[in-house]
1. If residue 142 satisfies all but one of (1) within 24 Å of residue 218 (Cβ to Cβ); (2) in contact (Cβ under 8 Å) with a residue 60 or more places away in the chain; (3) outside any strand (DSSP E or B); (4) not aliphatic (A, V, I, L, M), what's the number of the condition it fails?
2. If you take the residues in the stretch 290-313 that are assigned to a loop (DSSP other than H, G, I, E, B) and among the aliphatic types (A, V, I, L, M), which one is surrounded by the fewest Cβ atoms within 10 Å (Cβ to Cβ)?
3. For the stretch 219-229, what are the residues that are crowded, with 23+ Cβ neighbours inside 10 Å and more than 13 Å from ligand 2 (Cβ to nearest atom)?
4. Taking the stated definitions as given, is residue 178 surrounded by fewer than 18 Cβ atoms within 10 Å (Cβ to Cβ) and in contact (Cβ under 8 Å) with a residue 24 or more places away in the chain?
5. Tally up the residues in the stretch 182-229 that are of a type in the set (Phe, Trp, Tyr) and touching a strand residue (DSSP E or B) at 6+ places or on another chain (Cβ under 7 Å), please.
6. Among the listed residues 243, 233, identify the single one that is crowded, with 23+ Cβ neighbours inside 10 Å, of a type in the set (D, E, K, R), near ligand 1 (Cβ under 9 Å from one of its atoms) and within 25 Å of residue 88 (Cα to Cα).
7. Confirm whether residue 93 is in contact with a Leu (Cβ under 8 Å, 6 or more places away or on another chain) and in a strand (DSSP E or B).
Amino acid sequence: MDDHRRWPEPVVPVQSLSDSGLTSVPEKYVKPTSDRPSLEAQLDPGLTMPVVDLRGIYDGSVDSRSAMATIWDACKEWGFFQVINHGVRPDLVEEMKGVWREFFRRPLDEKQGYANSPATYEGYGSRVGVEKGAVLDWGDYYFLHLLPRSITSHDRHWPARPSTLRKVTEEYGGEVFKLCGALLRVLSMGLGLDEEYLRRAFGGDGTAACVRVNLYPKCPQPELTLGLSPHSDPGGLTVLLADDHVEGLQVRKDGAWLTVQPVPGAFIVNVGDQIEVISNGIYKSVDHRVIANSKDERLSIAFFYNPEGDVAIGPARKLLTPQLPPLYPCITFNEYRMYVRKRGPSGKSQMKSLKLY
Ligand code: OGA
Ligand code: NI
């Protein structure tokens, strides 16, 4: 029977494999040749993801128009951009990384006390998808719901240690949530819609937020596996706090994989599937993946701004004409997410299967 509420086989934290000092990657993590990161295939190294200074947008200065135009173009051509002067306090960002690093350093059995299940994914986990025998990714994560308050993760899902983890994570989440609100206004304007359009379409006060903290332990044979397989993010907008020192994220650009160079203090923002749907394909939700690394462990913190679960999401009517019919049907995010939760990361297959044309 297809049971999407239970793991099909025991889950082994990758951190425990890495710490055991093994010198080769177990077979379960070895990708088919075509999916392995080929270290040669590189795009023009001069090609870099746009970096936007948000200061102008907050203070409404003359620079705000060009910052907005950079964001609009980036959402159309890259599906990704980086932001600096984003308004989230640098000390809070550092604390956030600090508490989660500390959590991942706790003893294994303590972490496993928070082991998650695919029913809600909340807690400590090492896989996405319930297909038996799937090739796994070289990474562990912790997943939590932050908003709306009505579905906030229960106490038992929050790590008790370090003791400041919950407070820091909630405060960080609140700040990044505000940043997403500001970005959504910019994105709405770029579509010629009223400023509040996207926020309203996401369910207004019912808008959801969750966080996924990723730990990619050192890997003895990074050329055979991936830290995180190619996927597009199913939700609305993602704000990624990537490791300042260790690269790993790759973004699909012009058919090849581009390694993103960390910019200290920046967030990496990307368009999720729901914004591609609402914009009727004008903004792109782009495939990305994470490569493993033999020298350094890598930590990243992804904040997901998602629509309220049971609100129907479809292309904005104002964007449709007889020449530009809707490319996607209207479905709720809860229905949409079920696909990813069963199959795990699988490129843009979900978007493709939905497409009307
Ligand atoms: C994700 C993701 C990228 C990274 O969590 O959805 O794409 O660099 N993470 O960890
Ligand atoms: Ni992602």
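1. Residue 142 satisfies every listed condition except (3).
2. Narrowing the stretch 290-313 to residues assigned to a loop (DSSP other than H, G, I, E, B): 291-297, 307-311.
Pick out the ones that are also among the aliphatic types (A, V, I, L, M) and you get 291-292, 311.
Values: 291: 23, 292: 27, 311: 17.
Per the criteria, the residue is 311.
3. Residues satisfying the conditions are 219, 225.
4. yes
5. Number of matching residues: 1.
6. On the way: 243 fails: crowded, with 23+ Cβ neighbours inside 10 Å.
It is 233.
7. For residue 93, the condition - in contact with a Leu (Cβ under 8 Å, 6 or more places away or on another chain) and in a strand (DSSP E or B) - is not met.
Matching residues to (1) within 23 Å of the chain's Cα centre (by Cα); (2) polar (S, T, N, Q); (3) under 21 Å from residue 242 (Cα atoms):
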{"residue": "61", "(1), (2), (3)": "no, yes, no"}
{"residue": "65", "(1), (2), (3)": "no, no, no"}
{"residue": "76", "(1), (2), (3)": "yes, no, no"}
{"residue": "91", "(1), (2), (3)": "yes, no, yes"}
{"residue": "99", "(1), (2), (3)": "yes, no, yes"}
{"residue": "123", "(1), (2), (3)": "yes, no, yes"}
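The values are calculated or read from the model by the stated rules, or taken from the named source; none is laboratory data. Predicted model, so just to flag it, every value in this text is computed and none were measured. Backbone-built Cβ (ideal geometry, glycine too); neighbour counts: all protein chains shown.
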